[in-house]
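Worksheet for the structure shown next.
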Amino acid sequence: MSKRGLKLNNALVKQLRKQGLNQELLAQIKPAGSKMRNRHTVVDNITFDSRLEAARYQDLKVLQQAGRISELKYHVVFHLVVNGIQIGNYEADFTYREAGGLVIEDCKGQRTPLYVIKKNLMKALYGIEIVEIVASRWRRNR
C-alpha cells in the first residue's frame with residue numbers, strides 16, 4: 001500500500017465505514033476523485049454532481065418562482081427498456097414543464113460515449129430530446 005493510501009469510490013468508502021471495518025485500514029482509504037474532475041456541490045440540502053448543475057438548479061428555481069416553468073424535479077431516473085429487457089437507466093439532471101411540454105436537461109462538461117448512447121435511446125424509446133447545458137456556453141451567457 002502506498003503512503004497516499006488506497007483510492008476507492010465514495011459509495012464504497014461509506015459502506016465500509018457503516019460496516020465498522022478495521023478503523024486503522026479505513027483511515028488509510030481516501031475516496032477517489034471524480035473522473036470528470038467535477039466538484040460535488042450542495043444547495044438546499046441537495047447534492048449535485050457539479051458546480052454547473054448546482055448553479056443551473058438555482059436558475060431553474062428562480063424561473064419556477066417567476067411562473068415561467070413548473071414541476072421542477074432533479075435526478076429523475078428513466079428506465080431504458082428495449083424489447084422488454086432493461087438495458088440501463090438514464091438519470092436526468094432536471095425535468096420541468098415549460099409551456100405545457102416536458103423539458104429534460106442535462107448539464108455537461110464533457111459528452112461521454114455512454115451519455116451519447118443514452119441520449120439517443122431516450123429519443124428512440126420515448127421521443128424525448130435532451131436539452132444539454134454545456135459548461136463553456138453556459139458561463140458565457142450568464
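Show the residue pairs that are 6+ apart or on different chains and have beta-carbon atoms under 9 Å apart, the first residue being within segment 87-104 and not assigned by TED's automatic domain parsing to the domain that holds V76, the second being hydrophobic (A, V, I, L, M, F, W, C) and part of a strand (DSSP E or B).
Going by the 9 Å Cβ cut-off, there are no qualifying pairs.
Every residue, every condition in (1) surrounded by 12 or more Cβ atoms within 10 Å (Cβ to Cβ); (2) of a type outside the set (G, A, S); (3) over 12 Å from the mean Cα position of the chain (by Cα), yes or no:
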{"site": "R39", "(1), (2), (3)": "yes, yes, no"}
{"site": "L63", "(1), (2), (3)": "yes, yes, yes"}
{"site": "A66", "(1), (2), (3)": "no, no, yes"}
{"site": "Y90", "(1), (2), (3)": "yes, yes, no"}
{"site": "V116", "(1), (2), (3)": "no, yes, yes"}
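The values are calculated or read from the model by the stated rules, or taken from the named source; none is laboratory data. On a predicted model such as this, the values are computed, not experimentally measured, just so you know. Note that each Cβ is placed from the backbone with ideal geometry, even for glycine, and that neighbours are counted across all protein chains shown.
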